[in-house]
Amino acid sequence: MLTVRLFIAIEIPSEIRSGIGAVIRELKAANADVKWEQTDKLHITLKFLGEAGERRVPDILSALESVGREYHPFPIRYAALGCFPARREPRIIWIGVEEGGSVLQQLVHSIDESMLYFGFQKEERKFHAHVTIGRVKSQRNIRNLLSRMETITFESQPTTISELALVKSELKPSGSVYTILHRIPLHHH
């Protein structure tokens, strides 16, 4: 059976991606051992599904369409820089979401519920809306990076979330390649 590696995400408008790209360029100058995300791949992951049979995709899609019908488009704003799990030993560098986070949380809960039927487990950890911008490979120059993070403030223009994206991720030697299979509108009547 052919499988695809899937996740459900929120796309980020290009002008906000380029604003985040400028932040990444400043952080790169710290010369820390971080694999920085390509600007065109930036997104918010709502749920990572992992391997799914290709034949299930239409069903997964219709389940997501049902979720989309429960929500109105809503505003969010990207802001703040942080890291997981803690500043002492950062693994993931991220940009956060400051408005619209609670609606995103409800949306993730609805997606979680709708995906149980297909055997995708609920996420154990509490959802924290973020955009991954870098993955720390080693502690080299990490202090330098953290002090640089202190000096950067990032806040985007407000933007409206009006759709979900079902994304296919292919692992290639050069890194992962993302392809949007479907966009699912939010259109509660």
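The values are calculated or read from the model by the stated rules, or taken from the named source; none is laboratory data. Treat the numbers as computed from the prediction; the structure is a model and nothing was measured. A quick note on method: Cβ atoms are made from the backbone with ideal geometry, for glycine too, and the neighbour counts reach across all protein chains shown.
Which ones in the range 30-56 are within 24 Å of residue 163 (Cβ to Cβ), touching a strand residue (DSSP E or B) at 6+ places or on another chain (Cβ under 7 Å) and of a type outside the set (D, E, K, R)?
42, 43, 44, 45, 46, 48, 49, 50, 52
Residue 131 - would you say it is exposed (fewer than 14 other Cβ atoms within 10 Å of the Cβ), among the aliphatic types (A, V, I, L, M) and either under 15 Å from residue 32 (Cβ atoms) or touching a strand residue (DSSP E or B) at 6+ places or on another chain (Cβ under 6 Å) (or both)?
Details: exposed (fewer than 14 other Cβ atoms within 10 Å of the Cβ): no; among the aliphatic types (A, V, I, L, M): yes; either under 15 Å from residue 32 (Cβ atoms) or touching a strand residue (DSSP E or B) at 6+ places or on another chain (Cβ under 6 Å) (or both): yes.
When the stated conditions are applied, residue 131 does not pass them.
Regarding the range 110-119, can at least one residue be identified that is exposed (fewer than 13 other Cβ atoms within 10 Å of the Cβ), in a loop (DSSP other than H, G, I, E, B) and hydrophobic (A, V, I, L, M, F, W, C)? Outline the logic, then answer.
Restricting attention to the range 110-119, the residues satisfying the condition of being exposed (fewer than 13 other Cβ atoms within 10 Å of the Cβ) are 113, 116-117, 119.
Going one step further and asking which of them are in a loop (DSSP other than H, G, I, E, B), we end up with 117, 119.
Now narrow it down to the ones that are hydrophobic (A, V, I, L, M, F, W, C): none.
No; the residues of the range 110-119 include none that is exposed (fewer than 13 other Cβ atoms within 10 Å of the Cβ), in a loop (DSSP other than H, G, I, E, B) and hydrophobic (A, V, I, L, M, F, W, C).
Only one of 123, 150, 155 is of a type outside the set (Phe, Trp, Tyr) and closer than 19 Å to residue 6 by Cα; which? Reasoning before the result, please.
Values: 150 fails: closer than 19 Å to residue 6 by Cα; 155 fails: closer than 19 Å to residue 6 by Cα.
Just one listed residue meets the conditions, 123.
Test residue 166 against the stated conditions and say whether it is loosely packed, with under 11 Cβ neighbours inside 10 Å, of a type outside the set (D, E, K, R) and closer than 21 Å to residue 4 by Cα.
no
Search the range 119-143 for residues that are on the phi < 0 side of the Ramachandran plot and pair each with any residue that is of a type in the set (Lys, Arg) and surrounded by 18 or more Cβ atoms within 10 Å (Cβ to Cβ) when their beta-carbon atoms are under 7 Å apart and the residues are at least 6 apart or on different chains.
As it stands, the answer is 123/47, since those pairs meet every condition given.
Go through the residues of the range 85-101 one by one and say whether even a single one is over 22 Å from residue 31 (Cβ atoms), aromatic (Phe, Trp, Tyr), surrounded by 12 or more Cβ atoms within 10 Å (Cβ to Cβ) and at pLDDT 95 or above.
No, because not a single residue in the range 85-101 is over 22 Å from residue 31 (Cβ atoms), aromatic (Phe, Trp, Tyr), surrounded by 12 or more Cβ atoms within 10 Å (Cβ to Cβ) and at pLDDT 95 or above.
Go through 16, 24, 10, 20 for me and flag whichever is within 22 Å of residue 159 (Cβ to Cβ) and assigned to a strand (DSSP E or B).
Working: 16 fails: assigned to a strand (DSSP E or B); 24 fails: assigned to a strand (DSSP E or B); 20 fails: assigned to a strand (DSSP E or B).
Exactly one residue qualifies, and that residue is 10.
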